[in-house]
Amino acid sequence: MYRLFLALHYLLSRPIHLLGMGGVMLGVWALILVVSIFSGFLREVRAHVQSATSDLTVFRLRWPTTYRGLEQRLAEDANVAATAPRLVWYGLLHPIERPGAAPAPQEDLPTRADARFVSLIGIDPASERPVSGIERWLGDVTEPRLRVAQPADPLPRNAELPGILLSRTRMQRENLVAGARVRLTLARMNAVNGEQQLHFLDREFQVAGAFTTKHVGFDESNAFVPIDTLRAMLAEGEGAVVNEVAVRLVDPADARATVERVRRALLRDHPGVMVMTWEQRNEIYLQAIGHQGSIMKLILFVIMVVATFLVFATLSMMVVEKTRDIGILTAMGATPAGVLQVFLTCGLAVTTVGTVLGILAGCLSAFYLDAFRSWMKAAFGIDLFPTSVYHLERVPYDLDPLWIAQVVGASLVLGLLAAGIPAWRAARHDPLRSLRYE
Amino acid sequence: MTQPVLSAEKVVKGYTLGGETIPVLRGVDFQVHAGEMVALLGASGAGKSTLLHVLGLLDPPDSGRILLAGQPVHDLPIRERAAIRHRQIGFVFQFYHLIPELTALQNVLLGRMMLTRPLAWLRERRAARARAVQLLESVGLGKRLRHRPAQLSGGERQRVAIARALIARPRVILADEPTGNLDSHTAAEVLEILFRIHREEGISFVLVTHNAELAARCHRIVRMKDGLVLG
């Protein structure tokens, strides 16, 4: 009983231990809060990326590959629910007229400073609808000036000019509205007399409206055009050319196995073809975010180590001061192991209380982060976490019990080390030395 | 006389300092019987404190034996020696050695809880507290239970230390110059308390002292010189 009793009184009579406790609390708090926000963020980003990507993508098809044979081959797989042909290209986009702005001169188009790079996806809206989320991407745009007039047929064939769907962010940035005219410049290498030459192709489009996928990176670079128009520009007379096929699966959980099956089925007719799940396709992006998370954990762990040094320092100080007591404790019947336990209990109590407070603080601040954020915004005009950048309604968080358990484990192990060394030194102290000299 | 409560047989003890062994006890024989009060007299460096530490199982002898009620105890495992110190032997030191963070009452109680597990302590706490209060009252500190050592005078601190040595009901108390740090008036008060306890409780005492007058009041005087017991 004396171990607990003494440890408690040693601690309570020394407010400096609050320093170590506070340090541990801060470290645990940061590890829990920041990592839970980060994993919440990662979860949201994954969902956004998934919503912008089809379950499976077939690409690296040799030019010219026509869709018909490919479609049949794909349809043979039991897990394939629907497919959509795509022709993916790149180009430069120049707004021709902006509302309220004077029409731009058209002469030196390719060198115009406001031309923007755009990744073009030629689609057939009817085939695309059951495969990707295009219906939702169009429906999520609420601004009347940006909305597509006919969501059921966003890129009508019979229009005077072919339509183009731009992302909402691009339209807002370029100050474009539905109905505005833009010019697309494409380039393609052609063999002329056995020599490869770069050819520019140029065509006017009318902005049909905006789409938004929540995947910021996707929206930043992509635009949709009718696949027929793109074929007419790039592959006149070469048939229903595609260079990518979007695939929707019956059971997305079985994607990895399906990828292998589909790849093998296509490889004979299409050497070099690649098939990827939405995760594989965005692997680098998702991994990069994951890596940031790991680095953050490492940095925050350093706070924990520093806090442990604090505990170590305050406890070492106490042991030096309390060696005077070791003599009388031994005379009263304490063993070196008992002395060790007194100081170990002190260190573990500091760490445990710090850890528990840190967990409470971490969980509470994750729960109330949104309220805190709104308050900061209202009171000081500071936005701690600009959610609009990531298309988030609130600051996401994911409190993972396993992670909390890991933090607790690490904290206690560090605490044991920080307390163990001074406690061990105390236990090795010769009790007679403290009895002989005052 | 009856069998000694605590005895040393041919105890040799030396300290190594800078590679050289300095003999402190050179074959000491010593006994204290039940209810006996023995004064251990000698000049500084004669080995009085070392003998007390060896008798109290704080320091193992290099050779020779320590017997408690006839049983050799010097070579017992460390835990058992600690348990014997707790249950059978009380210590009073010149410099009191109170824990500064604890009140007088808590310091005394600490002497009672050394071998008690936390759960058992819950049951024994009341009785232990009552005994501690009674002991502090008997040494005249009934009104100073909640004072910390820093708020007590030297004499009061030594009285707390005496109460602490008594709480586990030891058979023998080893006191190392208990009044060495007190003025003569306070020393006399503290000594009166020690003699009264001896009378009332029948505990054996070994009193290390320089004070011949105090020694004269004891049952027996043992003189030490250069690590040996004289005559």
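Here are a few things to note about the model shown:
Quick grid of which residues meet (1) modelled with pLDDT of 95 or more; (2) buried (at least 16 other Cβ atoms within 10 Å of the Cβ); (3) closer than 19 Å to A:SER316 by Cβ:
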position	(1), (2), (3)
A:LEU357	yes, yes, no
A:PHE367	no, no, no
A:PHE380	no, no, no
A:LEU399	no, yes, no
A:LEU432	no, yes, no
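- Residues that are small (Gly, Ala, Ser) and either under 20 Å from A:VAL350 (Cα atoms) or within 14 Å of chain B (Cβ to nearest Cβ) (or both), drawn from the range A:290-330: A:ALA307, A:ALA313, A:SER316, A:GLY327
- Failed item in (1) under 30 Å from A:PRO15 (Cβ atoms); (2) within 14 Å of chain A (Cβ to nearest Cβ), with B:ARG144 passing the rest: (2)
- Verdict on A:VAL250 being among the β-branched types (Val, Ile, Thr) and within 29 Å of the chain's Cα centre (by Cα): yes
- Test result for B:GLN134, in contact (Cβ under 8 Å) with a residue 60 or more places away in the chain, in a helix (DSSP H, G or I) and not charged (D, E, K, R): no
- Helices (runs of 4 or more DSSP H) completely within the range B:145-219 that count 3 or more residues being under 15 Å from B:VAL92 (Cα atoms): B:154-166, B:184-201
- Those strands (runs of 3 or more DSSP E) lying entirely in the range A:185-256 with at least 1 residues at pLDDT below 90: A:195-211
- Some residue of the range B:36-53 being touching a residue at least 24 places away in the same chain (Cβ under 8 Å), within 12 Å of chain A (Cβ to nearest Cβ) and among the hydrophobic types (A, V, I, L, M, F, W, C): yes
Table: residues versus (1) aliphatic (A, V, I, L, M); (2) surrounded by fewer than 20 Cβ atoms within 10 Å (Cβ to Cβ); (3) in contact (Cβ under 8 Å) with a residue 12 or more places away in the chain.
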| residue | (1), (2), (3) |
| --- | --- |
| A:GLY23 | no, no, yes |
| A:VAL28 | yes, no, yes |
| A:LEU33 | yes, no, yes |
| A:LEU42 | yes, yes, yes |
| A:VAL45 | yes, no, yes |
| A:THR53 | no, no, yes |
| A:LEU56 | yes, no, yes |
| A:LEU61 | yes, no, yes |
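- When the range A:8-21 is limited to residues that are part of a helix (DSSP H, G or I) and surrounded by fewer than 20 Cβ atoms within 10 Å (Cβ to Cβ), the one that is nearest to the other protein chains (Cβ to nearest Cβ) turns out to be A:HIS9.
- Count of the range B:73-114 residues which are within 7 Å of another protein chain (Cβ to nearest Cβ), assigned to a loop (DSSP other than H, G, I, E, B) and either charged (D, E, K, R) or on the phi > 0 side of the Ramachandran plot (or both): 2
- Looking only at the range B:55-72, residues that are on the phi < 0 side of the Ramachandran plot and surrounded by fewer than 20 Cβ atoms within 10 Å (Cβ to Cβ) come to 7 in all.
- With respect to the conditions (1) touching a residue at least 24 places away in the same chain (Cβ under 8 Å); (2) within 14 Å of chain A (Cβ to nearest Cβ); (3) crowded, with 22+ Cβ neighbours inside 10 Å, B:GLY154 lacks only one, and its number is (3).
The values are calculated or read from the model by the stated rules, or taken from the named source; none is laboratory data. The model shown is predicted, which means the values in this text are computed figures rather than measured ones. Every residue, glycine among them, receives a Cβ derived from its backbone with ideal geometry; neighbour counts consider all protein chains shown.
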